[in-house]
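To keep things clear, I will list the structure first and then write my remarks on it.
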Amino acid sequence: MQAATMRLNQNTLLLGKKVVLVPYTSEHVPRYHEWMKSEELQHLTASEPLSLEQEYAMQRSWREDADKCTFIVLDAEKWQAQPGATEESCMVGDVNLFLTDLEDPTLGEIEVMIAEPSCRGKGLGTEAVLMMLSYGVTRLDLTKFEAKIGQGNEPSIRMFQKLHFEQVAVSSVFQEVTLRLTVSESEHHWLLEQTSHVEEKPYRDGSAEPC
């Protein structure tokens, strides 16, 4: 049941005002791989550089693992303005949910990365997170979310605080803060209001992967 739940997004496209969320497919790997050569992004995401082959293997695991749900973030304006544009050319980042607590399937850890420097500070990450929170609540039955962010990443911390996340822990060992959002009835209503413009559409990628 859980595996089916977390793979639910493999045929889902979410269309917002600033961003489009699509499943992470093999088509996206080369651009993603180029991003992750950046020492800044490695530091912000606490990631190690991978070979291209390892990145393809990672993409398959994201697609197939029962405890992960990921979308690639596309620039909606670019994607809609250029009919026939490849998704790879419109990529700006990714947004992810993990089920990290086996004892609590209603808790999801959320991450967002806007990798393209020219696309930061424009609200794309905020909309991507709102869309993912709404998807987590309405499709994955999540009611609590956590975000773990490096202590030095002030823009990301401020963004999550604006989205009603509250700081609950600081780890000097990992040099990160943990923020949490519990989706009460009023928060649920607020979240649906913030994402009422979002359209959910069927997704069919152009790769040879099974849909």
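The values are calculated or read from the model by the stated rules, or taken from the named source; none is laboratory data. Since the model is a prediction, treat every value here as computed from it, not as a measurement. All Cβ positions, even for glycine, are placed from backbone atoms using ideal geometry, and neighbour counts span all protein chains on display. Please note that ligands, DNA and RNA were not included when accessible areas were found on the heavy atoms of the full protein model with its side chains. Shrake-Rupley method; radii C 1.70, N 1.55, O 1.52, S 1.80 Å.
Name the residues in the stretch 77-121 that are β-branched (Val, Ile, Thr) and part of a strand (DSSP E or B), would you?
Across the stretch 77-121, the qualifying residues are VAL92, VAL95, ILE110, VAL112, ILE114.
Can you give me the number of residues within the stretch 71-93 that are open to solvent by less than 10 Å² (accessible area, probe 1.4 Å) and not small (Gly, Ala, Ser)?
So the count comes out to 7.
If I ask for residues that are open to solvent by less than 70 Å² (accessible area, probe 1.4 Å), part of a strand (DSSP E or B) and not hydrophobic (A, V, I, L, M, F, W, C), which ones from the stretch 152-179 would you list?
Listed by number, the residues that qualify are SER171, GLU176, THR178.
Give just the number: which of (1) in a loop (DSSP other than H, G, I, E, B); (2) open to solvent by 40 Å² or more (accessible area, probe 1.4 Å) does LEU142 not satisfy?
LEU142 satisfies every listed condition except (2).
Would you confirm, using the coordinates I've provided, whether ILE149 is open to solvent by less than 50 Å² (accessible area, probe 1.4 Å), among the hydrophobic types (A, V, I, L, M, F, W, C) and more than 21 Å from THR25 (Cα to Cα)? Reasoning before the result, please.
Working: open to solvent by less than 50 Å² (accessible area, probe 1.4 Å): yes; among the hydrophobic types (A, V, I, L, M, F, W, C): yes; more than 21 Å from THR25 (Cα to Cα): yes.
Spelling it out, ILE149 is indeed open to solvent by less than 50 Å² (accessible area, probe 1.4 Å), among the hydrophobic types (A, V, I, L, M, F, W, C) and more than 21 Å from THR25 (Cα to Cα).
Please specify each residue of the stretch 153-163 satisfying the condition of being under 16 Å from ILE114 (Cα atoms) and out of contact with any Gly (no Cβ under 8 Å at 6 or more places or on another chain).
Within the stretch 153-163, ASN153, GLU154, ILE157, ARG158, PHE160 qualify.
Can you tell me which residues in the stretch 123-139 are in a helix (DSSP H, G or I), in contact (Cβ under 8 Å) with a residue 60 or more places away in the chain and small (Gly, Ala, Ser)?
ALA128, SER134, GLY136
Just to be sure, is GLU127 charged (D, E, K, R), modelled with pLDDT of 90 or more and open to solvent by less than 50 Å² (accessible area, probe 1.4 Å)?
Taking the combined requirement at face value, the residue satisfies it.
Residues LEU179, LEU163, LEU142: which one is closer than 19 Å to ASP65 by Cα, without any contact (Cβ under 8 Å) to a residue 60 or more places away in the chain and either out of contact with any His (no Cβ under 7 Å at 6 or more places or on another chain) or among the aromatic types (Phe, Trp, Tyr) (or both)?
On the way: LEU179 fails: closer than 19 Å to ASP65 by Cα; LEU163 fails: closer than 19 Å to ASP65 by Cα.
Going through LEU179, LEU163, LEU142 in turn, the sole match is LEU142.
In contact with a Ser or Thr (Cβ under 9 Å, 6 or more places away or on another chain), within 23 Å of ASN9 (Cβ to Cβ) and among the hydroxyl-bearing types (Ser, Thr, Tyr): is that true of SER134 in this structure?
So SER134 passes the test.
Could you list, in sequence order, all residues of the stretch 182-201 that are without any contact (Cβ under 8 Å) to a residue 40 or more places away in the chain and either more than 20 Å from MET159 (Cα to Cα) or surrounded by fewer than 12 Cβ atoms within 10 Å (Cβ to Cβ) (or both)?
Residues satisfying the conditions are SER184, GLU185, SER186, HIS189, GLU193, SER196.
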